[in-house]
Number of protein chains: 2
Amino acid sequence: MTGADAQPAGSRRRFIAAGGGIAGAALGANTAFAGGETSAPRATPDDAAEPFFGPHQNGIATPNPMQGSTYFAALDLAALDLAAADRKPVIAMLQAWTDAAERMTTGRIAAPPASPNRPFDNLDALGLGSARLTLTFGFGPDLFMLNGKDRFGLAGQRPAALVDLPVFPGDQLEKRHCGGAVSVQASADDPQVAFHAVRELVRLARDTAIVRWTQAGFSTAHRVNGTARNLMGFKDGTMNPSIRDAKTMNDHLWAGAEAPRWMQGGSYAVFRRIRIALEHWDQMTLGFQERTIGRHKLSGAPLGRAREFDPLDLNAQDKGGNPVIPATAHARLGAPEQNAGAQILRRAYNYSDGASFVAERWPPWKQVMEYDAGLMFVAYQKDPRLGFIPMFEKMSRLDALNQFTTHVGSAIFACPGGIRKGLYIGQALFET
Amino acid sequence: MTGADAQPAGSRRRFIAAGGGIAGAALGANTAFAGGETSAPRATPDDAAEPFFGPHQNGIATPNPMQGSTYFAALDLAALDLAAADRKPVIAMLQAWTDAAERMTTGRIAAPPASPNRPFDNLDALGLGSARLTLTFGFGPDLFMLNGKDRFGLAGQRPAALVDLPVFPGDQLEKRHCGGAVSVQASADDPQVAFHAVRELVRLARDTAIVRWTQAGFSTAHRVNGTARNLMGFKDGTMNPSIRDAKTMNDHLWAGAEAPRWMQGGSYAVFRRIRIALEHWDQMTLGFQERTIGRHKLSGAPLGRAREFDPLDLNAQDKGGNPVIPATAHARLGAPEQNAGAQILRRAYNYSDGASFVAERWPPWKQVMEYDAGLMFVAYQKDPRLGFIPMFEKMSRLDALNQFTTHVGSAIFACPGGIRKGLYIGQALFET
């Protein structure tokens, strides 16, 4: 890139005064560059904005239907790899992110304009409102220890529950979809609003953090009554615990007194990029698909039952004495009673990133382009050691669905407790 | 994959009768497997369905705002590479596609169920309505001639305007984003509806066609008043010709008497996957961005003017005698008066496929993960030799925007004229 830093004479005047300029129209001519806050509302009314501040971070147990789009980004603090325990730039980044998050979740630009010589909000979300934007931040294992180094003096604050995920049977993880020191998940009812939010945060983090991987996803939860269907055509999320049940949330979702203080009220996010062989799935018969899942496709009911929320009767047998819900059915293996009562809050999105090359091993052996699409699994929980890890340890060995799924990305993040106005994301971690 | 073809005894009975089965609930128990058409409406009212039949294909000059999502797929007729001139399976595929397209664009499943031993509509778009789905089909150069072979005896029907696109300066094309014998573009107001439509067509084409590449895109055109912004934050499509001006459409969009009969009323689609270095763009100042584009960012007006649709005054000079709209500005180079009056109908979407590895050459040299995002350029025109090709030949050399853009995918398709009820897609080509 070239020429970016060369500002011709008079550009400041033009920036403020020109008929097509940003300053006058977006912010009111008199407030431009005054340095103060500005309400700068977008054109679209925004009654539905999701509150950013609160006892828990937004985007985890957000009560409305899950937003239609998400953009998840994991970042490295790469520029700081060699520095010893300098928290200041990271704190400055988190402060800027907190301001920007509060602004963008209320439908405003990421930051007031500073000067014509500085980059500015990209405006690609102008006029789109908040679109119910939520921004959820997390800290990965690399923040606490990287290559054996406790860069920021935070190792003592690493929660026991923030484990390194084990290698599961069948994992085919690609580094470009794994790990990260810091995460942000932007969810909104418009994909451009979600992507815009992450881009602005990345822009504001320049010189401190760089993108490690990102993943865009979509859902129809906001467009249907009831449980949305995933790309396999089955209802996805039937077994989710109720976010309106405070006891269940405290038992299974929110970190409590067992966690370091900065994590209390927070939750642990497990991310898995699960590629699904949709071409093959689409050639399976309905009966085969239903036995694989353990549920009826149309209704979502357990096999042999009529309604989606009918209980799973894992002991039911057919006349021949065989289990109605097969031993390898996905629904059986994920049931709480098969997992010592464990529950996780799934906020899964679909992803569809075009097609890419796949070498299939068996049968028949072939090399083709296949959809690079599947499930962007994101689950929140109080403790992954009691949630995702034991559940998936078993499923990764036994689940009939494994014939169609390949886990190619993986990450874990500790998402701290809610943010109060005046404080910044992770302040209790960095200032203990 | 395993076990798919093994149907246990009684599966047909279960398929029809089970409480959670598809047949009864979706189609009315008495009509299941009767073989006839069924209306099988989805749950969502569908007053806004876009008509599939008409004088032109839908999805090209669709009068409502462009849909929010698109999914473009190019396919090879790979299984037929070695066969000589057997059009029958291709015709059967196009017949099945025509039926499925008419059904899905009116919010129905792709095909009535045939038997429990056959795969069935995946149902992932159930309850989502038509979502204004349009399906646009095209034929690429490979259909007419592949590796020097006129497989289907169609070479004589290849339109002169369906040229092989030249190599443009700066092209960094990747084979996995290029070419194809057959294309389908599904656009809808829901990404799952668009993807579902393509998946069903691919499923129905089994043994005849396989996916070569796909590209998902999104737009905010349906959510804003006026011209939508692309990922660079600028309004995109200001210069599009009016689809309500019949003369302009006949002059610039629709193939006429100069084309083979099967193409008359059709249009040529040029696809380019244009990766944009958004990280760098986001670090540029507003003034630099505006000089690159030649327009003001907020209003979309030409530099020096106040309103989006003010004419581009390419002769305007500032006090120093320099052009107000720089010689290398994107808007100047694309203006019709700079291109012998050429106009193309742009239906561009944004794409965002996560992040991928980029080795930057200059300056500074580095290897990082960057957004795999940018513009999914799709433009329709009467003749690419008078439209996209000369326009981009010049822009690829001079456009200041080239500092940020890299063309990594490319394809061209002849999209035949509109489809009348009772005929199938491309019938006039295959039956001449």
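The values are calculated or read from the model by the stated rules, or taken from the named source; none is laboratory data. Predicted model, so just to flag it, every value in this text is computed and none were measured. Quick reminder, even Gly has a Cβ in these numbers, built from the backbone with ideal geometry, and neighbours come from all protein chains shown.
In the list A:Ala73, A:Ala96, A:Ala110, A:Ala125, which residue meets the criterion of being in a helix (DSSP H, G or I), at pLDDT 95 or above and in contact with a helix residue (DSSP H, G or I) (Cβ under 8 Å, 6 or more places away or on another chain)? Write out each step before concluding.
Numbers: A:Ala73 fails: in a helix (DSSP H, G or I); A:Ala110 fails: in a helix (DSSP H, G or I); A:Ala125 fails: in a helix (DSSP H, G or I).
Exactly one residue qualifies, and that residue is A:Ala96.
Answer yes or no: is there a residue in region B:49-69 that is crowded, with 22+ Cβ neighbours inside 10 Å, of a type in the set (Ser, Thr, Tyr), part of a strand (DSSP E or B) and at pLDDT 95 or above.
yes
Does region B:170-182 contain at least one residue that is within 25 Å of B:Gln381 (Cα to Cα), basic (Lys, Arg) and without any contact (Cβ under 8 Å) to a residue 24 or more places away in the chain?
To start, the set of residues in region B:170-182 that are within 25 Å of B:Gln381 (Cα to Cα) comprises B:170-182.
Checking the rest, the ones that are also basic (Lys, Arg) come to B:175-176.
Right, trim to without any contact (Cβ under 8 Å) to a residue 24 or more places away in the chain and you get B:175.
Yes - at least one qualifying residue is present in region B:170-182.
If A:Ala34 satisfies every condition in (1) part of a loop (DSSP other than H, G, I, E, B); (2) modelled with pLDDT of 50 or more; (3) more than 17 Å from the chain's Cα centre (by Cα); (4) of a type in the set (Gly, Ala, Ser) but one, which is the exception?
Looking at each condition in turn, A:Ala34 falls short on (2).
Filter region A:212-227 for residues that are aliphatic (A, V, I, L, M) and modelled with pLDDT under 95; which is nearest to A:Leu94 (Cα to Cα)? So that I can check it myself, show each step before the final result.
Going residue by residue through region A:212-227, those that are aliphatic (A, V, I, L, M) are A:216, A:221, A:224.
Imposing the further condition that a residue be modelled with pLDDT under 95 reduces the set to A:221, A:224.
Values: A:Ala221: 31, A:Val224: 36 Å.
Out of the qualifying residues, it is A:Ala221.
Going residue by residue through region B:339-351, is there one that turns out to be within 14 Å of chain A (Cβ to nearest Cβ), modelled with pLDDT under 95, out of contact with any Pro (no Cβ under 7 Å at 6 or more places or on another chain) and under 30 Å from A:Ala216 (Cα atoms)? Spell out how you get there, then give the answer.
Filtering region B:339-351 for residues within 14 Å of chain A (Cβ to nearest Cβ) gives B:348-351.
After this cut, where a residue has to be modelled with pLDDT under 95 as well, the list is B:348.
Next, only the ones that are out of contact with any Pro (no Cβ under 7 Å at 6 or more places or on another chain) stay: B:348.
Right, trim to under 30 Å from A:Ala216 (Cα atoms) and you get B:348.
Within region B:339-351 (the criterion being within 14 Å of chain A (Cβ to nearest Cβ), modelled with pLDDT under 95, out of contact with any Pro (no Cβ under 7 Å at 6 or more places or on another chain) and under 30 Å from A:Ala216 (Cα atoms)), the answer is yes, since at least one residue qualifies.
Take the residues of region B:124-145 that are touching an Asp or Glu at 6+ places or on another chain (Cβ under 9 Å) and of a type in the set (Gly, Ala, Ser): which is farthest from the other protein chains (Cβ to nearest Cβ)?
Going through the qualifying residues, I end up with B:Ser130.
When you scan region A:165-183, how many residues do you find that are more than 21 Å from B:Val368 (Cα to Cα) and either buried (at least 19 other Cβ atoms within 10 Å of the Cβ) or under 18 Å from the mean Cα position of the chain (by Cα) (or both)?
Within region A:165-183, the first condition is being more than 21 Å from B:Val368 (Cα to Cα), and the residues that meet it are A:165-172.
Now drop any that are not either buried (at least 19 other Cβ atoms within 10 Å of the Cβ) or under 18 Å from the mean Cα position of the chain (by Cα) (or both), which leaves A:165.
Number of matching residues: 1.
Would it be correct to say that A:Asp245 is in contact with a Lys or Arg (Cβ under 7 Å, 6 or more places away or on another chain), free of Cβ contacts under 8 Å to residues at least 12 places away in the same chain and at negative phi?
Details: in contact with a Lys or Arg (Cβ under 7 Å, 6 or more places away or on another chain): no; free of Cβ contacts under 8 Å to residues at least 12 places away in the same chain: yes; at negative phi: yes.
In short, no.
Can you find, within region B:274-321, the residue that is farthest from the other protein chains (Cβ to nearest Cβ) among those that are among the acidic types (Asp, Glu), in a loop (DSSP other than H, G, I, E, B) and free of Cβ contacts under 8 Å to residues at least 60 places away in the same chain?
This residue is B:Asp313.
Could you tell me whether any residue of region A:382-403 is within 21 Å of A:Met66 (Cβ to Cβ), touching a strand residue (DSSP E or B) at 6+ places or on another chain (Cβ under 7 Å) and aliphatic (A, V, I, L, M)?
Checking region A:382-403: not a single residue is within 21 Å of A:Met66 (Cβ to Cβ), touching a strand residue (DSSP E or B) at 6+ places or on another chain (Cβ under 7 Å) and aliphatic (A, V, I, L, M).
I'd like the full set of residues that are aliphatic (A, V, I, L, M), within 16 Å of A:Leu128 (Cα to Cα) and surrounded by 23 or more Cβ atoms within 10 Å (Cβ to Cβ), limited to region B:189-244. Explain how you work it out, then say what you get.
Let us first name the residues in region B:189-244 that are aliphatic (A, V, I, L, M), namely B:193-194, B:197-198, B:201-202, B:204-205, B:209-211, B:216, B:221, B:224, B:228, B:231-232, B:239, B:243.
Within this subset, residues satisfying the condition of being within 16 Å of A:Leu128 (Cα to Cα) are B:221, B:224, B:228, B:231-232.
Correct list: B:Ala228, B:Leu231, B:Met232.
Looking at (1) over 18 Å from B:Thr405 (Cα atoms); (2) away from chain A (no Cβ under 14 Å), which is the one condition that is false for B:Ser219?
B:Ser219 satisfies all of (1) over 18 Å from B:Thr405 (Cα atoms); (2) away from chain A (no Cβ under 14 Å) except (2).
In region B:154-172, is there at least one residue being closer than 24 Å to B:Asn402 by Cα, facing chain A (nearest Cβ under 8 Å) and either touching a helix residue (DSSP H, G or I) at 6+ places or on another chain (Cβ under 7 Å) or modelled with pLDDT under 95 (or both)?
no
For region B:106-123, state whether one or more residues are more than 14 Å from every other protein chain (Cβ to nearest Cβ) and either under 21 Å from B:Pro384 (Cα atoms) or in contact with an Asp or Glu (Cβ under 6 Å, 6 or more places away or on another chain) (or both). Working first, answer last.
As a first pass, look at region B:106-123 and keep what is more than 14 Å from every other protein chain (Cβ to nearest Cβ): B:106, B:108.
Next, from what is left, pick out any that are either under 21 Å from B:Pro384 (Cα atoms) or in contact with an Asp or Glu (Cβ under 6 Å, 6 or more places away or on another chain) (or both): none.
The answer is no, given that none of the residues of region B:106-123 is more than 14 Å from every other protein chain (Cβ to nearest Cβ) and either under 21 Å from B:Pro384 (Cα atoms) or in contact with an Asp or Glu (Cβ under 6 Å, 6 or more places away or on another chain) (or both).
May I ask you to list the residues in region B:384-428 that are surrounded by fewer than 23 Cβ atoms within 10 Å (Cβ to Cβ) and either basic (Lys, Arg) or under 20 Å from B:Glu258 (Cβ atoms) (or both)?
B:Arg385, B:Leu386, B:Ile389, B:Pro390, B:Lys394, B:Arg397, B:Gly417, B:Gly418, B:Arg420, B:Lys421, B:Ala428
Test each condition in (1) part of a loop (DSSP other than H, G, I, E, B); (2) modelled with pLDDT of 95 or more; (3) crowded, with 18+ Cβ neighbours inside 10 Å for B:Pro119 and report the one that comes out false.
If we test B:Pro119 against (1) part of a loop (DSSP other than H, G, I, E, B); (2) modelled with pLDDT of 95 or more; (3) crowded, with 18+ Cβ neighbours inside 10 Å, just (2) comes out false.
What are the residue pairs meeting all of these: first residue in region B:259-272, first residue touching a residue at least 12 places away in the same chain (Cβ under 8 Å), second residue buried (at least 24 other Cβ atoms within 10 Å of the Cβ) and charged (D, E, K, R), Cβ atoms under 8 Å, and 6 or more apart or on different chains?
B:Ser267/B:Lys382; B:Tyr268/B:Lys382
When A:Arg203 is evaluated against the numbered criteria (1) at the interface with chain B (Cβ under 8 Å from one of its Cβ atoms); (2) over 22 Å from A:Asn58 (Cβ atoms), which criterion, by number, is the only one it fails?
That leaves (2) as the condition not met.
Mind listing whichever residues of region A:299-315 are under 17 Å from A:Gly334 (Cα atoms) and among the hydrophobic types (A, V, I, L, M, F, W, C)? Break it down into steps so the answer makes sense when it comes.
Start the filter on region A:299-315 by keeping residues that are under 17 Å from A:Gly334 (Cα atoms), which leaves A:300-303, A:308-315.
Result: A:Ala301, A:Leu303, A:Phe309, A:Leu312, A:Leu314.
Name the single residue that is farthest from B:Phe388 (Cα to Cα) among those in region B:323-338 being at pLDDT 95 or above and part of a loop (DSSP other than H, G, I, E, B).
Top of the filtered list is B:Val324.
Can you name the residue in region A:250-264 that is over 24 Å from A:Tyr349 (Cα atoms) and assigned to a loop (DSSP other than H, G, I, E, B) and is also nearest to the chain's Cα centre (by Cα) among such residues?
For region A:250-264, the residue satisfying everything is A:Gln264.
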